[in-house]
Amino acid sequence: MNAKYTGAIAFMAGVCLVLSGLGAFAFPQNARAHSAPGDFNAVDDYITARMATSRIPGLSVAIVQGDQVVYLKGYGQADPSGHVVTPQTPFIIGSISKTFTALAVMQLVESGKVNLDAPVQRYLPWFRVADPHASAQITVRNLLNHTSGLPQKADTFVWTDQDAGVLERSVRYLQTVALARSIGTFGYSNANYQILGLVIQTVSGQSYEAYVAQHIFAPLQMQTSFTSQQQAQQHGMAMGYRWWFGFPIPSTLPYIRAELPAGYLISSAQDMAHFLIAQMNGGQYRNRSILSPQGIGFMQTPPARDAYGTGWESAQLNGRPLLNQDGATANFQASVFFDPKARVGVFIAANVMNALDGLSSPPGAVSIDGITTRGMAQSVVSLATHQPLPDQGLGIARTSLIVDLLVLVLTGVLVLALARMPRRYRRWAQLARRGHGRGRAQWSELAQRGGGIAALHFVWPAALFYLALTLPEWKELVWYQPDLTYWLSAVAILVTLKGGIELALLWRVFGQRYRSQMPQPAQAR
């Protein structure tokens, strides 16, 4: 998926939330630090240390001040073959893609081709959701601000089609979708930006990919940014990893072209530095303008009582208002923070991710995403502006350790239960030989024991198997948290087999005796 987690991932995170709280209590937070003016050694030391403790394979960083790039560096490995990460290494940037889509929409607004308050149906006459009345009320502004009422659906996320028409098919699919909330109420949904991508495509007469490349990448001289994974791989794109029980494992996953405008653009630290310069300088990069200062100001000003503006999220750091966007797919993550007043911006991208990473960011932060690069970007902004380091949060290493211990304990319990099965069988045999109960009492005892076994061994595995077979979110959960989903599936299978064996043994030792005591039909003479 892209930057934002769906209900399935939220459920997995919720299971571990209490554990994370305990871990935060158990582990002390990092000490606060300062960097001297113009000295980026502290930044380098901080990044190196966090990469080591979090086991991040590769990472790239860009720091911008005013209209200058003041720090640009790659760290670690781009892939298992040992290629080093450079500032030009492309990464999938997840929901940071939304800021590009929002910028493209605002360009079309300023050229008079799009009206923010016009209904989406003006540009896509066939656009529908399940409610025909609501379909006509959703505006372009609603999509930009995530106030359309659309839910964060996972159905189209599992579409791996790569043809040019998959974006339109994903938007047409929404005709079956009921709104999750009233129009005008905030609710994050990738579908909003999928629709915007199709509006851009329809109004401009170009594909979304061609428009972004021509009107954003080209004027900002973003030469290692791509709208195609195949193109990016030809230019040294990093390979994605997923943490398996805290250790990074290379993972090649499908590229979700249907969600390109919402979360699958690809860029490098060097190119994102150019993008940040334009954002902090009224739309100007060198001698090129990608949007008017008024348009940039509008994008960076969220509606009243809302943390999300036009592609950007408002955040607080040490009491200072910042703008931010995070992005995450199943094996990449990235974060952007910038201070519009100080005109300092930071971009960080890493080639590793899993769902538990959402618990590793500093607690209490205003965020739709919570990921490792978010906490790192906040800290680098603090170091670059000579502020104390913010709370470092639990961290993915500690989160993984807590979950690993839980998995180890539960696995040990299951192994112990399996090892005790012969002993339990012998105990049942002894009880059966003693002949406890007669007639109905015997069958009642058998039913009670069998019912207990069935309740413990079949109910929750059956529910898990049902969800795995019927919910598209399950596939998404497998992508984002393969270690726990595979472990849980294996446990469910073993528990089911154990329950079946125990029922067979129970019937053997009790049922045979009970049947022998039942009255036999009289034989004819």
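Which numbered condition in (1) under 22 Å from Ala273 (Cβ atoms); (2) touching a Leu at 6+ places or on another chain (Cβ under 7 Å) is the only one that Gln223 fails?
Going through the list (1) under 22 Å from Ala273 (Cβ atoms); (2) touching a Leu at 6+ places or on another chain (Cβ under 7 Å), Gln223 breaks only (2).
Residues that are part of a helix (DSSP H, G or I) and aliphatic (A, V, I, L, M): does the stretch 175-189 have at least one? Reasoning before the result, please.
Going through the stretch 175-189, the residues part of a helix (DSSP H, G or I) turn out to be 175-176.
Filter again for aliphatic (A, V, I, L, M), leaving none.
Within the stretch 175-189 (the criterion being part of a helix (DSSP H, G or I) and aliphatic (A, V, I, L, M)), the answer is no, since none of the residues qualifies.
Look through the stretch 377-419, keep the residues that are among the β-branched types (Val, Ile, Thr) and without any contact (Cβ under 8 Å) to a residue 24 or more places away in the chain, and return whichever of them is farthest from Ile96 (Cα to Cα). If you could, list the steps in order and put the result at the bottom.
Here is the first cut: in the stretch 377-419, the residues among the β-branched types (Val, Ile, Thr) are 380-381, 385, 396, 399, 402-403, 407, 409, 411, 413, 415.
Okay, now just the ones that are also without any contact (Cβ under 8 Å) to a residue 24 or more places away in the chain, so 409, 413, 415.
Values: Val409: 39, Val413: 43, Val415: 45 Å.
The selected residue is Val415.
Which residue pairs have Cβ atoms closer than 6 Å, lie 6 or more positions apart in sequence or on different chains, and pair a first residue in the stretch 317-331 that is among the charged types (D, E, K, R) with a second residue that is crowded, with 24+ Cβ neighbours inside 10 Å and at pLDDT below 90?
Asp326/Ala3; Asp326/Asp369; Asp326/Ile371
Among the residues in the stretch 107-127, are any over 15 Å from Asn190 (Cβ atoms), in a loop (DSSP other than H, G, I, E, B) and under 27 Å from the mean Cα position of the chain (by Cα)?
Initially, the stretch 107-127 is screened for residues over 15 Å from Asn190 (Cβ atoms), giving 107-127.
Then drop every residue that is not in a loop (DSSP other than H, G, I, E, B), which leaves 111-118, 123-127.
Checking the rest, the ones that are also under 27 Å from the mean Cα position of the chain (by Cα) come to none.
The answer is no, given that none of the residues of the stretch 107-127 is over 15 Å from Asn190 (Cβ atoms), in a loop (DSSP other than H, G, I, E, B) and under 27 Å from the mean Cα position of the chain (by Cα).
Just need a number here: residues in the stretch 265-288 that are open to solvent by less than 10 Å² (accessible area, probe 1.4 Å) and under 30 Å from Ile396 (Cα atoms).
Counting residues in the stretch 265-288 that are open to solvent by less than 10 Å² (accessible area, probe 1.4 Å) and under 30 Å from Ile396 (Cα atoms) gives 10.
Which of (1) more than 30 Å from Asn351 (Cα to Cα); (2) part of a helix (DSSP H, G or I); (3) at pLDDT below 90 does Leu416 not meet, given it meets every other one?
That leaves (3) as the condition not met.
Would it be correct to say that Ala350 is of a type outside the set (S, T, N, Q), in contact with a strand residue (DSSP E or B) (Cβ under 8 Å, 6 or more places away or on another chain), modelled with pLDDT of 85 or more and open to solvent by less than 10 Å² (accessible area, probe 1.4 Å)?
On the way: of a type outside the set (S, T, N, Q): yes; in contact with a strand residue (DSSP E or B) (Cβ under 8 Å, 6 or more places away or on another chain): yes; modelled with pLDDT of 85 or more: yes; open to solvent by less than 10 Å² (accessible area, probe 1.4 Å): yes.
Yes: the conditions hold for Ala350.
Of all residues in the stretch 382-426 being farther than 17 Å from Trp244 by Cβ and β-branched (Val, Ile, Thr), which is farthest from the chain's Cα centre (by Cα)?
Across the stretch 382-426, the extreme among qualifying residues is Val415.
Considering only residues of the stretch 464-489 that are farther than 16 Å from Asn354 by Cβ, among the hydrophobic types (A, V, I, L, M, F, W, C) and open to solvent by less than 50 Å² (accessible area, probe 1.4 Å), which is nearest to the chain's Cα centre (by Cα)? Spell out how you get there, then give the answer.
So in the stretch 464-489, the residues farther than 16 Å from Asn354 by Cβ come out as 464-472, 489.
Checking which are among the hydrophobic types (A, V, I, L, M, F, W, C) leaves us with 464-465, 467-469, 471.
Now drop any that are not open to solvent by less than 50 Å² (accessible area, probe 1.4 Å), which leaves 464, 468.
Working: Leu464: 21, Ala468: 19 Å.
My answer is Ala468.
For the condition touching a helix residue (DSSP H, G or I) at 6+ places or on another chain (Cβ under 8 Å) and modelled with pLDDT of 85 or more, what is the one hit in Thr411, Thr385, Thr373? Even if it seems obvious, please write down each step before you answer.
Numbers: Thr385 fails: touching a helix residue (DSSP H, G or I) at 6+ places or on another chain (Cβ under 8 Å); Thr373 fails: touching a helix residue (DSSP H, G or I) at 6+ places or on another chain (Cβ under 8 Å).
Exactly one residue qualifies, and that residue is Thr411.
Do you know which residues across the stretch 65-89 are open to solvent by less than 30 Å² (accessible area, probe 1.4 Å) and in contact with a Leu (Cβ under 8 Å, 6 or more places away or on another chain)?
Once the filter is applied, which keeps residues that are open to solvent by less than 30 Å² (accessible area, probe 1.4 Å) and in contact with a Leu (Cβ under 8 Å, 6 or more places away or on another chain), the stretch 65-89 yields Gly74, Tyr75, Val85, Pro87.
The values are calculated or read from the model by the stated rules, or taken from the named source; none is laboratory data. Predicted model only: the values in this text are computed from it and were never measured. Reconstructed Cβ throughout: ideal geometry from the backbone, glycine too, with neighbour counts over all protein chains shown. Ligands, DNA and RNA are excluded from the accessible area calculation, which covers all protein heavy atoms including side chains. Shrake-Rupley method; radii C 1.70, N 1.55, O 1.52, S 1.80 Å.
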